[in-house]
1. Using label points projected 7 Å from each Cα along Cα→Cβ, tell me how many nm separate ARG61 and THR101, to one decimal.
2. Whole-Hz Karplus ³J(HN,Hα) for segment 100-105, in order, using 6.51 cos²θ - 1.76 cosθ + 1.60 and θ = phi - 60°, x for Gly and Pro?
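Only the coordinates and a few stated rules stand behind these numbers; no lab work does. Computed from a predicted model, the values in this text were never measured in an experiment. All Cβ positions, even for glycine, are placed from backbone atoms using ideal geometry, and neighbour counts span all protein chains on display.
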Amino acid sequence: MFNRFCLATLILATAACGSAPETLIMSRRTGLTGSGEITQGALRNSGEMRIETQYETFTGRWVAVREGANQGLELLQSYAGGSILRGTAELLSETEAGFGTAILTSDGGRSMRCEFRYTGVNITAIGVCETTDGEVFDLQVS
């Protein structure tokens, strides 16, 4: 029974941490788009960010300030057919939101600064990025 519990907990934790959130940007001036990812998004306050466009790749660090985090554990139990089948699992549920920034540099020598508002454990966000030469991009992370 303990082994089933450990397996269920491991599966749920792996699903919660899943893949890195996808990052999309689009220039307000030219329509140029790019995509990438944020790493260490699940339950973390910082990590690495990468965005690739047709012409250059931006990489750097993001940091988030979480506000009003409401963390709780739920105990889920399911019963079937008397006492033969019984499973128990714990889930971490965290309702939160906050603000984040990213400071990125490109292989082409430009820098990009992003500001975003996010929600959720795995970071779903909207925001704006601006390069050193003033090009503004809309940012979506999901």
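1. 1.3
2. After applying 6.51 cos²θ - 1.76 cosθ + 1.60, I find x, 9, 9, 10, 10, 10 Hz.
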